[in-house]
1. Please specify each residue of the stretch 105-122 satisfying the condition of being touching a residue at least 60 places away in the same chain (Cβ under 8 Å), open to solvent by less than 100 Å² (accessible area, probe 1.4 Å) and in a helix (DSSP H, G or I).
2. Say we look at the stretch 136-150 and pick out the residues that are surrounded by fewer than 17 Cβ atoms within 10 Å (Cβ to Cβ) and not charged (D, E, K, R); which of these is modelled with the lowest pLDDT?
3. Looking at ALA81, ALA116, ALA95, ALA122, which one is under 17 Å from ARG59 (Cα atoms) and modelled with pLDDT of 95 or more?
4. What is the one condition in (1) open to solvent by 90 Å² or more (accessible area, probe 1.4 Å); (2) at pLDDT below 95 that ALA133 does not satisfy?
5. In the stretch 56-76, what residues are buried (at least 20 other Cβ atoms within 10 Å of the Cβ) and more than 8 Å from the chain's Cα centre (by Cα)?
Amino acid sequence: MSSDRPWLDSLRDSSAALQGVLGALLEAERHFAPPASPLERLRQITTSPEWAWLQPLYRLIADVDHALAYADDLPASESAAIGAHARELLTGGGAPAEQPFLEHYRALLQTDPAVAMAHAAALRALQALPAEAANQSERLHARHQWNERRRFLRMGQGGRGTS
């Protein structure tokens, strides 16, 4: 446990819960997709336009896990921004590019009990993260810092120098 930074433990729990959502979605979609080996399914999920709707979720999970790998400088404010972004992704209010995910996700949320249970577990885990700042400029700054960290992580620079 990170007693001096408890938000990191909550962020790890949130990542695991988001992975649970992804797993439930993949299982629900498996019933509609033609049979494929696990390797072929992974290729489809990451490259096929039919699976592009899942990109916002698996990119978020990858970004969070990568940030946790370099968590020595991840402040509580960025954990709050991550939680807000994840909640928006799962419940609406996210970026326009995330709307295809939300539309598909909502349909599965309404029809698949496993997806609904994973959704509830994810929201509980995300609730344990720090709250975003009440001050709008502080909130926007934290979200900007998180987006910059994600950009640096994707470039392979380990997110250094983004505090």
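1. Residues satisfying the conditions are TYR105, LEU108, ALA114, VAL115, ALA118, HIS119, ALA121, ALA122.
2. Looking at residues that are surrounded by fewer than 17 Cβ atoms within 10 Å (Cβ to Cβ) and not charged (D, E, K, R), I get ASN147.
3. Unique residue meeting the criteria: ALA122.
4. ALA133 satisfies every listed condition except (1).
5. Of everything in the stretch 56-76, those that are buried (at least 20 other Cβ atoms within 10 Å of the Cβ) and more than 8 Å from the chain's Cα centre (by Cα) turn out to be ALA67, LEU74.
The values are calculated or read from the model by the stated rules, or taken from the named source; none is laboratory data. Computed from a prediction, not measured in an experiment: that's the story for all the values here. All Cβ positions, glycine included, derive from the backbone under ideal geometry; neighbour counts span all protein chains shown. In case anyone asks, the SASA skips ligands and DNA or RNA and just uses the protein heavy atoms, side chains included. Shrake-Rupley method; radii C 1.70, N 1.55, O 1.52, S 1.80 Å.
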